[in-house]
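J.: Questions regarding the structure given below will be posed in turn.
Please treat every number below as a calculation from the coordinates, not as lab data. From a predicted model like this one, the values you see are computed outputs, not experimental measurements. Positions of Cβ are backbone-derived with ideal geometry, glycine not excepted, and every protein chain shown enters the neighbour counts.
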Amino acid sequence: MHEWSLAMSLIEEAGAEARRRGALKVHSITVRVGALTGVVPELLGRAYEVARTGTIFEGADLHLHVEPARASCPTCGEESEFDDFYLVCPSCGGIGLRPMSGEGLVLTRMDIEIPEEDEKNATDARRQGDDR
Amino acid sequence: MCETCGCGLPEEAKQAHEHDHGHEHSHREEAELYRSLLAANEAQARENRGHLMEHGVLAVNLMSSPGSGKTSLIEAVAKAVEGRLRIGVIEGDLATDRDAARIKALGVPVWQITTGSTCHLDAPMVHRALHELPLAGMDLLFVENVGNLVCPGLYDLGCHLNGVLLSVTEGDDKVAKYPVVFRHAQFFCLTKTDLLPHVVFDAAKPKREARILKGDIKTFELSARTGEGVGGFLAYLESERRALVG
C-alpha cells in the first residue's frame, strides 16, 4: 500500500540526510520495514528503482530488512515473535497481545562518500563565497 | 562536485580525465541513522495534536469502508450532545460536499476536504482544515476520513483517537482482512445493529479478531438510527476528553 509515495518520502528523507553530511556519492541505503506496517518490501524496492532516477541515489542499492513484531502474552507471559498481524500466543492461544516492535518504516543506514576534512573546508569556503 | 577528479560530472566529462591518483580527497563512511519515512507527516500530526490539546479539543478520526455509517454516527452524537458539548467536524471525500452539507444542516461547524484522487487524509490536509474551524469554542472534533479500509491506516492525522467502523451488513469475516487499519485504531464500532435480525452476522467474531490485531482496542455495538449503544460510545469519548484536558 502506497509503496510509491513511501519511495518518494524515502528519497526526500535520505536526500536531506545526504545533504546534511555533504555526501558526494551514495553507495547504498538501508531501510527497516516493520512487519506490522503492511508495506511489501518487494514493491517498495521496485518503486525505489523508479523514484531514484535523476537523484544522488541513482546508483545506490536499497537494502530492506523486515523487523518482526515482538510481543508478550498477557495471559501466560510468554514472549514471541510474529511476522504477520495475527497476534495469537503460540503457547497458550491467548489474545490481546501488544507488540513492542514491528511498526516502523525507518532509514537506518547510509553508505556514503564524503569529502576529506580539508577538501570539505575548501568546498564550504567556496560555498560561503557564493552566498555573499 | 569534485574539481580534482571530476566525480559527479556527467559520464563524458569523467572519461576525458585520468584517474590514476584514486580518490584521496574523499572517503567512504557508513552512517547509522534513525529517520522515519513518514517523518514529515508525523511531525505535522504531532503539531496538530498539540494545537488541538491547547484548545481543549479531543479529536477523533473515523475510518471505515464507504457506507458503514460514519456520517450517521456523527449526526447521532451531535444530536445527543446538543447544548452540552460543542462539536466540530472535518469531512474527507474524493468528491462532493454531501457529507459536510448533512453536518451543516445540524448547525455544527464543518469543513469539507475534497481530495481529488487521494484515497486518504493526511496530517497536512487536517492542519489546513483546522484553520477553518472555530477551535476556541470546541470540545470534540470528528475527522471523517475518506471511505476506505486500506489506506488511512498508515497516516497519523494528529487526532487523539482513531476508530474503525464496520456495519453488520459487511460480513463478520472482514476484520482480519484489514489488519493495518485496525492496528492504527484505539476503538472499533460495530454499526447498524438494528439490522441484525436481517443478516447473518456473529458479532463476537469481529470483536475477537479486532483484539487479536490490536490487543487494547475498545469495542462498541451501536445503531445511529435507533440510538442504541450511542450513549456508551459517547461516555467513552467524554472520559477520554476528560483524561486529555483535565
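J.: Hey, what angle do you get for helix A:3-20 against the long axis of chain A, alpha-carbon based, 0 to 90 degrees rounded to 10?
T.: Helix A:3-20 sits at roughly 50 degrees to that axis.
J.: Per 10 Å bin, what is the whole-percent P(r) computed from every C-alpha pair distance within chain B?
T.: In whole percents, the pair-distance histogram is 7, 28, 30, 13, 6, 7, 6, 2, 0.
J.: Taking the Cα atoms only, what angle lies between the long axis of helix A:117-131 and the longest principal axis of chain A, rounded to 10 degrees?
T.: That works out to roughly 70 degrees.
J.: Let a ≥ b ≥ c be the square roots of the eigenvalues of the Cα gyration tensor of segment B:170-236; is it rounded (a/c under 1.5), or, if not, prolate (a/b larger than b/c) or oblate? Write down the numbers at each step before the final one.
T.: Values: a/c = 2.41, a/b = 1.25, b/c = 1.93.
In terms of gyration-tensor shape, oblate.
J.: In addition: Over the alpha carbons of segment B:112-241, what is the largest minus smallest coordinate on each principal axis, giving the biggest first in Å?
T.: Largest first, segment B:112-241 extends 44, 30, 27 Å along its Cα principal axes.
J.: Considering only B:A185, B:L196, B:V126, whose Cα is most displaced toward the positive end of the charge dipole of chain B, charges sitting on Cβ of Lys, Arg (+1) and Asp, Glu (-1)?
T.: It is B:L196, whose Cα lies furthest towards the positive end.
J.: Can you pick out the pairs among B:K79/B:K205; B:K70/B:K174; B:K79/B:K207; B:K104/B:K218; B:K174/B:K218; B:K174/B:K207 whose Cα atoms lie more than 20 Å from each other? Write down the numbers at each step before the final one.
T.: Values: B:K79/B:K205 31 Å; B:K70/B:K174 17 Å; B:K79/B:K207 27 Å; B:K104/B:K218 29 Å; B:K174/B:K218 17 Å; B:K174/B:K207 11 Å.
Distance filter (> 20 Å) returns B:K79/B:K205; B:K79/B:K207; B:K104/B:K218.
J.: Quick test of the membrane-span-like rule: which DSSP H helices of chain B reach at least 15 Å along their long axis (C-alpha atoms) with mean Kyte hydropathy at least 1.6?
T.: On the way: long enough: B:39-54 (22 Å, -1.29); B:70-81 (17 Å, 0.78); B:230-245 (22 Å, 0.46).
In chain B, no H run is both long and hydrophobic enough.
J.: When N counts the residues of the protein assembly as shown, how does its alpha-carbon radius of gyration compare numerically with 2.2 N^0.38 Å, as a ratio?
T.: Working: Rg = 25.1 Å, N = 378, 2.2 N^0.38 = 21.0 Å.
With N residues counted in the protein assembly as shown, Rg over 2.2 N^0.38 Å equals 1.20.
J.: Not counting the cut sites, what is the longest span of chain A without GluC sites (Glu not before Pro) that DSSP labels loop and that have at most 15 other Cβ atoms within 10 Å?
T.: Working: sites that count: A:E58, A:E78, A:E103, A:E116.
The segment A:1-57 is the longest one with no such site.
J.: Any chance you could check the Cα centroid distance between segment A:92-108 and segment B:47-102 for me, in angstrom?
T.: 30
J.: Calculate the radius of gyration of the Cα atoms of segment B:47-110 to one decimal place, then report Dmax, the largest Cα-Cα distance, as a whole number, both in Å.
T.: For segment B:47-110, the Cα radius of gyration and maximum Cα-Cα distance read 12.5, 33 Å.
J.: Then there is this: What is the dipole size for the protein assembly as shown, taken about its Cα centre, with +1 at each Lys and Arg Cβ and -1 at each Asp and Glu Cβ, in debye to the nearest 20? Show your work: numbers first, answer last.
T.: On the way: 40 positive and 58 negative charges, 410 e Å.
Dipole about the Cα centre, nearest 20: 1960 debye.
J.: Have a look at B:Y178, B:Y155, B:Y34 and tell me which one the Gaussian network model of chain B (Cα, springs below 10 Å) gives the largest fluctuation.
T.: It is B:Y34.
J.: Taking chain B as a Gaussian network, Cα atoms linked when under 10 Å apart, which of B:A185, B:A59, B:A80 shows the biggest mean-square fluctuation?
T.: Most flexible of the set in this elastic network: B:A80.
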